[in-house]
Amino acid sequence: MRFLRSAIPLALALLATTATASSAGVAAPTGLHGFLLRADEPQTAFFHRTPSFAWHPVAGARTYQFQLATSNTFRDNGIVYSNSSLTTPVAAPSITLPWITGSPHALYARVRANLDSTTTAWSAPFGFDVTPPAPPSPLPSYPGLLRWTPTEGAAGYQVWLVDANKFEIVRSNVLDEREFYTFHQSQPWIGTVRWRIRALRGDVYGGRINGLPVAQYGAWSPVYSSTNPAVSTGPIKLIGTISDVFSNGSASSPAHEMMPAFVWSGNQTLYGSPTELFRVEVFTDSQCLNRVYTGAVVGSPAWAPRLSGTLALPGDQTGLAAARATYLGDGTESSSFTFDGAKLAPAEQQSAATPTTTLPSDVPATPGSIPPASSSTDSSSGGNTGISVKGNVGPPVSLWDVDWPRAGYYWTVVPVAYAGLSSGTTVGAPGAAKGATTIPVASTAGLRVGDAVSIGSGANLDSGTITGIGAGSITISSATNFVHPVGDPVARAGSSIDYVDAELAQDLCAAGRVQRLGIASEPSLTSAQAPFATGLSSSGRLTSAVHTSTFYGRPLIAWTPAFNADLYEVQYSKTRYPFRPEVDPRTSGKGFLTWSTSDILPLNSGTWWYRVRGIDFNLPTGVQQMTWSDPEKLVVSKPKFKIVTAAPKKRFKVLP
């Protein structure tokens with residue numbers, strides 16, 4: 001549903017006409033062109049996302065009508081977008097345009113001005129094309145990790161693992177090679193990984209009048225080949241986190257603008273035991289007590305979150321044997337636990353977050369809660385307070401922004417063991433007395449807390465549940481009724497596999513196996529010179545913030561896409577600090593939501609400050625807001641008037 005903003009008359013006396021003057025013959029608008037950030041950027045007719053548009057103002061214009069079409073004759077069935085309520089010579093279409101090319105062009109824009117008593121002719125069409133960006137290309141990486149160049153404005157990436165015949169979807173520019181390493185770490189499995197990639201985009205704007213379909217993906221890359229050395233052995237050592245930048249956790253390291261990959265080397269626990277499975281865990285404290293993120297179990301020396309879920313880890317001994325001979329598909333992990341028995345829930349297999357579709361309140365909602373619905377509707381030129389989202393946006397695999405380096409996260413790699421493979425063991429020396437709850441055993445391999453076990457046999461059979469596992473012993477829930485000599489059987493019921501941390505994260509961090517990382521992503525509102533703003537100067541000329549700090553009427557603002565942002569929230573205030581957002585007349589809320597990276601602000605005269613932040617649908621429900629940009633200043637002035645003398649009226653006489 002859409003509504004049109006009410007027109008605000010332009011009162012530029014420089015462009016004024018008298019009440020009795022005719023507007024017939026007023027020239028059509030000129031200078032129509034597209035741009036992404038500012039109207040005075042180098043002109044082009046090729047764009048990778050929906051552009052904004054600007055043109056020279058027309059004397060006496062009260063409003064402008066702007067259209068986009070797939071025909072330069074603007075046939076009715078070719079019109080894609082139309083807005084007749086523009087009050088300044090700029091337009092910010094809030095739609096997704098398809099990839100479309102022509103000879104010379106396939107899309108066309110036009111505009112005309114509405115005056116007091118007439119409407120001008122349409123402008124000359126501005127022809128342009130929308131082309132997909134080049135496919136991502138490989139970047140230098142680490143063993144077990146694919147990495148590529150980020151695509152500006154991409155909603156995500158689809159990676160085709162050619163030899164595993166799998167397609168994976170991620171938000172960041174990294175993908176771990178878990179399929180190739182998990183349960184088979186020899187060179188034939190991991191040595192060479194062939195892959196292709198394409199960027200994804202959303203089609204959530206809607207509003208294309210003629211219903212023209214839109215592809216939500218770019219072109220596939222050629223087949224790339226990445227190579228890996230043999231698996232490294234020795235103690236596990238953290239290398240760092242990597243996205244478009246690398247961080248080793250030092251205060252001088254940059255923050256990541258998107259969720260990074262975590263990379264390490266080695267395969268041994270603190271006590272020298274080798275392992276083939278690992279899990280990344282993230283905390284807010286250096287002691288690694290307050291866990292805020294649990295990674296998936298992988299066999300690779302790298303991990304990065306995916307939207308397509310964890311590997312379908314085997315749940316029994318038969319499945320484990322099969323997994324050693326094939327690439328695992330996606331699914332869920334079977335039971336996962338910390339070393340001390342706490343249940344773990346990997347972020348990748350959690351339920352999809354509920355997207356933010358209404359203006360967030362000043363205080364974020366409680367994680368997991370859903371903001372109240374809004375009764376406001378949509379506008380054809382932006383300014384939404386309530387929007388709708390269809391489809392599964394994926395699990396909450398992102399981390400919240402922090403004030404890096406003053407604040408940050410702490411991460412470690414925990415070796416993982418699979419428990420439950422063994423059918424049991426035997427009583428160890430010196431045996432177990434009657435009434436004992438701690439039973440010495442020959443081996444604890446394959447046993448886990450919570451297992452039901454039986455001790456002894458025949459008439460001397462005891463049973464209980466394992467409540468603790470020590471070095472060479474188990475603790476059971478019930479005291480024994482019989483004496484059990486060395487060699488008595490200890491049998492566990494069932495044969496399912498649990499994936500259990502082989503060490504406590506607390507102990508690993510205390511031993512120094514811990515690094516910091518920062519997440520901080522915000523859209524850019526400026527270049528090195530001035531804000532990305534375009535509009536009328538106070539003297540009635542089309543201009544940008546490069547040339548003036550003062551605009552007349554409604555200026556168009558733009559910003560660069562923020563990594564992982566699905567949606568944007570925009571606010572404006574009359575003061576920089578404290579920033580008090582004003583009620584937007586289009587939404588009746590404090591600001592508005594938009595899918596676009598530009599919008600026209602409905603500002604009256606005065607000094608204003610505006611700010612923008614992204615909304616990441618892959619953060620937990622209710623708390624999906626990203627970092628606000630720094631506020632930028634705009635001044636909206638009253639027009640400068642110039643008195644225009646009307647020509648004297650003339651009398652005419654009709655002669656026979």
| field | Lysine pairs meeting the criterion (Cα under 20 Å, 8 or more apart or interchain), as found in the chain | value | 4
| message | Show me the ranking of peptides 83-91, 66-74 by mean Cβ neighbours inside 10 Å, starting with the highest. | response | 83-91, 66-74
| note | Full extension between Y217 and N604 adds, at 0.36 nm per residue less the Cα distance, a length in nm of 135.3 nm
| Whole-number percent relative contact order across the chain, with pairs defined as alpha carbons under 8 Å at least 6 apart | 14
| message | Using each residue's phi in region 282-294, evaluate 6.51 cos²θ - 1.76 cosθ + 1.60 at θ = phi - 60° and report the 3J(HN,Hα) Karplus result to the nearest Hz, with x for Gly and Pro. | response | 10, 10, 9, 10, 6, 7, 6, 10, 8, 6, 10, 7, 10
| Say each of A452 and T30 gets a label point 7 Å from the Cα, pointing the same way as Cα to Cβ; how far apart are those two points in nm? | 8.9
| message | So, R0 is 22 Å and r is the distance between the beta-carbons of V245 and R406; what FRET efficiency does that work out to, to 0.05? | response | 0.75
| query | Charges only on Cβ, +1 for Lys and Arg, -1 for Asp and Glu: so what's the dipole of the chain about the Cα centre, in debye to the nearest 20? | reply | 3480
| note | With the dipole of the chain defined by +1 on each Lys or Arg Cβ and -1 on each Asp or Glu Cβ, the option from P136, F180, G207 whose Cα lies farthest towards the positive pole is G207
| message | Along the charge dipole of the chain, pointing to its positive end and built from +1/-1 on Cβ of Lys, Arg, Asp and Glu, which listed residue (I169, P274, I239) has its Cα farthest out? | response | I169
| query | Between D630 and E582, what FRET efficiency follows from the Cβ-Cβ distance if R0 is 30 Å, with the result rounded to 0.05? | reply | 0.95
| note | Sequence order, region 132-141: Karplus ³J(HN,Hα) from phi using 6.51 cos²θ - 1.76 cosθ + 1.60, θ = phi - 60°, Hz rounded, Gly and Pro as x, gives x, x, 4, x, x, 10, x, 10, x, 9
| Mind ordering 434-440, 393-399 by average Cβ neighbours within 10 Å, highest first? | 393-399, 434-440
| Packing-based order for 254-264, 296-306, 544-554, using average beta carbon neighbours within 10 Å, highest first | 296-306, 254-264, 544-554
| message | Taking 0.36 nm per residue of sequence separation and subtracting the Cα-Cα distance, how much length would be gained by fully extending the chain between S186 and S252, in nm to one decimal? | response | 20.0 nm
| query | On full extension of the chain, what length is gained from E152 through D507, given 0.36 nm per residue of separation minus the C-alpha to C-alpha distance? | reply | 123.7 nm
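Quick note: the coordinates plus some simple rules give every number you see, no bench work behind them. Just so it is clear, the model here is predicted, and its values are computed rather than measured. With ideal geometry, Cβ positions are generated from the backbone for all residues, glycine too; neighbour counts draw on all protein chains shown.
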